[in-house]
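Heads up: the structure comes next, in structure tokens.
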Amino acid sequence: MTKGLQVALAATAALALAIGVEAIYIHHRNVTAENAPVVNKNAYEEPALSEDDSVFLRKERPDSIADEKKLIGTTLWVSAGGQMEYYKDSGNHADYAHPVGMLLGAQPLLIKGVFEQKAPANSRAVFRIAAGQRQVLLAFTMPKSDDPKQLYAVPIGNYDEGHYNLLTDEIFFYDDPHVLYKHWGPEVWAHIDKHEPALGMSENQAMMALGQVMTPHGDTVGDRSITFDNDGHPVTIDFENNKAVKITPGD
């Protein structure tokens, strides 16, 4: 919005002085512009990528049970932290009525099997993964848990109307994020592995630590506050220049 300028000139001399100063300024501006180096911008030049943006995240694009069975014996790491509940698996049967907990960011899972099961309509499992005719689940153990031999299961897709909808690409990392994001450094990763926030964290790092269920307060990434659900224990973090400057636990 432009604002009108009100200038009171008390005398002819003052008016002449103002005109003279303006002429000097215009001349100086034109000479400077003529002597300035010409910078040619490439219209097709791509913006510089951050180290995080440069990380290659492998995708497998599964569309069959056979594709999922290829994961048996491999380790996956949780990408969709704070979104997926998991259940005890008693021989290709998930106990939907009693969730064990929530999968957390960068948690490693050793995949043991793949199976299908109809999810109850009122199960919390269908909040994240549609029930379809039946859900597809991965069976796994948790190598870093207190009971590394206990078998668990988590829904990763469904079968509906003649085809499979499988979301392992969106839920997991196929490669260790500690290696993918090694530029974060051991100190940051120590906090992430404890699932705790720390001053100086970026938005991505805080999301890995506290999960992807969050409410941003502002649209400028890196310069706003975000409330992370943190599995029912909310934490609000204020970011400036994409660094956490204030951490406020919820009630």
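Does region 72-82 include one or more residues that are buried (at least 22 other Cβ atoms within 10 Å of the Cβ), at pLDDT 95 or above and of a type in the set (Val, Ile, Thr)? Taking every residue of region 72-82 in turn, at least one turns out to be buried (at least 22 other Cβ atoms within 10 Å of the Cβ), at pLDDT 95 or above and of a type in the set (Val, Ile, Thr). The helices (runs of 4 or more DSSP H) located wholly in region 91-203 that include 2 or more residues which are among the hydrophobic types (A, V, I, L, M, F, W, C) and outside the structural domain of residue 71 (by TED's automatic domain parsing) occupy 177-180, 186-193. Close Cβ contacts (under 8 Å, 6 or more residues apart or on different chains) running from residues in region 109-124 that are free of Cβ contacts under 8 Å to residues at least 12 places away in the same chain to residues that are surrounded by fewer than 18 Cβ atoms within 10 Å (Cβ to Cβ) comprise 121/131. When the residues of region 115-165 are filtered to those that are hydrophobic (A, V, I, L, M, F, W, C) and in contact with a Gly (Cβ under 6 Å, 6 or more places away or on another chain), the one that is farthest from residue 88 (Cα to Cα) is 136.
If you filter region 218-229 down to residues that are of a type outside the set (Ser, Thr, Tyr) and in contact (Cβ under 8 Å) with a residue 12 or more places away in the chain, you find that the one that is nearest to residue 192 (Cα to Cα) is 228. Taken together, the criteria exclude residue 247 from residues that are β-branched (Val, Ile, Thr), surrounded by 19 or more Cβ atoms within 10 Å (Cβ to Cβ) and outside any helix (DSSP H, G or I).
The values are calculated or read from the model by the stated rules, or taken from the named source; none is laboratory data. Computed from a predicted model, the values in this text were never measured in an experiment. Glycine gets a Cβ as well: all are built from the backbone with ideal geometry, and neighbour counts include every protein chain shown.
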